[in-house]
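The values are calculated or read from the model by the stated rules, or taken from the named source; none is laboratory data. Computed from a predicted structure; not experimentally measured. Positions of Cβ are backbone-derived with ideal geometry, glycine not excepted, and every protein chain shown enters the neighbour counts. Note: areas computed on protein heavy atoms with side chains; ligands, DNA, RNA excluded. Shrake-Rupley method; radii C 1.70, N 1.55, O 1.52, S 1.80 Å.
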Amino acid sequence: MRRTLSLSAVIVTALLLQTTVFADIRLLGARPELMYLITIVFAVLEGPSSGAIAGFSGGMAQDFFLNQPKGITALVLTLLGYAVGMLRQYIVSPSPALPVFLVAGGTFAGVLFYGLVAFLLGQLDTGLLYLLRVSFLSAVYNAILTPLLYPVLRRVAEGSRTRKVIRW
Amino acid sequence: MALPSRARSTRLLVVTLVSVSLLTITVDYREGDRGPLAGLGRSALALISPLQEVVSKVTHPVGNFFSTLVSLPSIRAENQRLRTRVAELEAQSATYVSQERRLNELESILNVQQSLGPKVKTLAAEVIANGISNFEWTITIGAGSSSGIAVDMPVVVGSSSGGAMLVGHVVRVAPDSSMVQLVIDPESSVAGRIEPSGDTGLVAGEGAQDMRMGLVDTTASVTAGTDTVVTAGYRIPGVAQGMYPPGILIGTVSRVVQNDAALEKFVTVSPAVDFSSLGIVLVVLSNGSG
């Protein structure tokens, strides 16, 4: 219950930030993809199933609240969360910069995949070059934001987890 | 034992979530803008937009600050571009102002031509130079003997009220230019009449100071400030060189100097024409006698 609440709070906050603050602060015209960042961070912290759930909820919320073509972001983020969570289990690097690289790579691949799906569904009106550019820029932007947001998200994840353990 | 089952349940979860996503995509795609999913989206949008507004209000200045930082180079370029544009427009506006002044001058010239009557032939000419000496108040105009200009012809400009104002008379003529002696030149003297009293006198230039009108009858009633001096329109042989058409404004009486001992009094006349900004003048070709 507490876990659901905290995840919802994170998602709504991210949506609001994404559409207000980061609509103004653009990096070379590109916005960050906060939902991608959250999905990847949750997958890194909590494993593939949490990643998939976070991705699915965040994606659905983004699709519905921002009136995008519904389901595509949810699909992309579910797979992204699962993939990053699986990948995380095979990486043993203790580097503190690991989340940054995972977020950068994950965002790049995720946005590209989103573009591919949208293209297959006839929802994408832009060229491949623009898609690559946006993927790259939002990956860079997310990587820059990761050191700021990672501690916050980790605290949220751990907070909900410990409470669950206590209740259990 | 636990790990494979967890992995399996995770895989099941992912497959379920992906299926739901795909189902949503399909339903949304088939429904278009009218189905329940689109309605749900709309109500979600209505739910979040007030929140967005509030957050936006708080964070917009901050966001602006950062976006300004990020786009500083382009802002500088834009600033440069706008500066150039401002300079261009200022130059353009200056051109307009001078053109408007020219238009006003031409209009007043036209008025003068009409006020002088159809009998008097006139010629408009541009002032091409001012006198070079500090002791000679002359201008050079861009028309000469080839246009029919001769020595002693009066030169006037139009006033804003449509009447003519005296500038001076032609003293030297070249084929395509002539020199005009202004009424404020110390060498110049013009027969003038004080309005409304009608007393006559001789207006002589004093250079940069106000003109001096002498030979005024001591009994004449003159009020400084309101009385005007116009050309008398007659010649005093050997004294007044020009023969100006009557009634052209010379200036306003600025001071009356009463000299009880003398048989005359003199008044000072401030010229009506601003000689520093002459643009186009009108030469009266008929010399006033016709």
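So which residues in the range B:123-160 are part of a loop (DSSP other than H, G, I, E, B) and surrounded by 20 or more Cβ atoms within 10 Å (Cβ to Cβ)? Before you say what the answer is, go through the steps one by one.
Filtering the range B:123-160 down to residues part of a loop (DSSP other than H, G, I, E, B) leaves B:131-137, B:142-144, B:148-153, B:159-160.
Across the range B:123-160, the qualifying residues are B:137, B:143, B:144, B:149, B:153.
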Query raised in the report: Which one is farthest from residue A:30 (Cα to Cα), of the residues in the range A:126-150 that are surrounded by 18 or more Cβ atoms within 10 Å (Cβ to Cβ) and among the polar types (S, T, N, Q)?
Result: A:146
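Restricting to the range A:84-130, count the residues that are among the aliphatic types (A, V, I, L, M) and in contact (Cβ under 8 Å) with a residue 24 or more places away in the chain. It would help to see each step written out before you state the result.
Step one: list which residues in the range A:84-130 are among the aliphatic types (A, V, I, L, M), which gives A:84, A:86-87, A:91-92, A:97-98, A:100, A:102-104, A:109, A:111-112, A:116-118, A:120-121, A:124, A:128-129.
Okay, now just the ones that are also in contact (Cβ under 8 Å) with a residue 24 or more places away in the chain, so A:84, A:86, A:98, A:100, A:102-104, A:109, A:111, A:117-118, A:121.
Adding up the residues that qualify gives 12.
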Report task. Could you check residue B:33 against (1) at pLDDT below 80; (2) within 14 Å of chain A (Cβ to nearest Cβ); (3) assigned to a helix (DSSP H, G or I) and say which number it fails? Result -> (3)
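If you check residue B:120 against the conditions, is it part of a loop (DSSP other than H, G, I, E, B), open to solvent by less than 90 Å² (accessible area, probe 1.4 Å), among the β-branched types (Val, Ile, Thr) and over 27 Å from residue A:32 (Cβ atoms)? Steps first, please.
Values: part of a loop (DSSP other than H, G, I, E, B): yes; open to solvent by less than 90 Å² (accessible area, probe 1.4 Å): yes; among the β-branched types (Val, Ile, Thr): yes; over 27 Å from residue A:32 (Cβ atoms): yes.
Answer is yes for this residue.
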Query raised in the report: Picking from A:43, A:9, A:23, A:61, which residue would you name as being within 14 Å of chain B (Cβ to nearest Cβ), modelled with pLDDT of 85 or more, assigned to a helix (DSSP H, G or I) and surrounded by fewer than 20 Cβ atoms within 10 Å (Cβ to Cβ)?
Result: A:9
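Working only within the range B:261-282, note down all residues that are assigned to a loop (DSSP other than H, G, I, E, B), touching a residue at least 12 places away in the same chain (Cβ under 8 Å) and open to solvent by 50 Å² or more (accessible area, probe 1.4 Å). Step through it out loud before you land on a result.
As a first pass, look at the range B:261-282 and keep what is assigned to a loop (DSSP other than H, G, I, E, B): B:261-263, B:272-274, B:278-279.
Those left that are additionally touching a residue at least 12 places away in the same chain (Cβ under 8 Å): B:262-263, B:272-273, B:278-279.
B:263, the sole residue that qualifies.
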Query - Positions within the range A:26-40 being in contact with a Leu (Cβ under 7 Å, 6 or more places away or on another chain) and surrounded by fewer than 21 Cβ atoms within 10 Å (Cβ to Cβ), in sequence order - result: A:27, A:28, A:30
Query raised in the report: Identify, please: which residue in the range A:69-92 is open to solvent by less than 50 Å² (accessible area, probe 1.4 Å) and polar (S, T, N, Q) and is, among those, farthest from the other protein chains (Cβ to nearest Cβ)?
Result: A:73
**Report entry** Conditions (1) among the small types (Gly, Ala, Ser); (2) open to solvent by 60 Å² or more (accessible area, probe 1.4 Å); (3) under 24 Å from residue A:28 (Cβ atoms): number failed by residue B:98
**Finding:** (3)
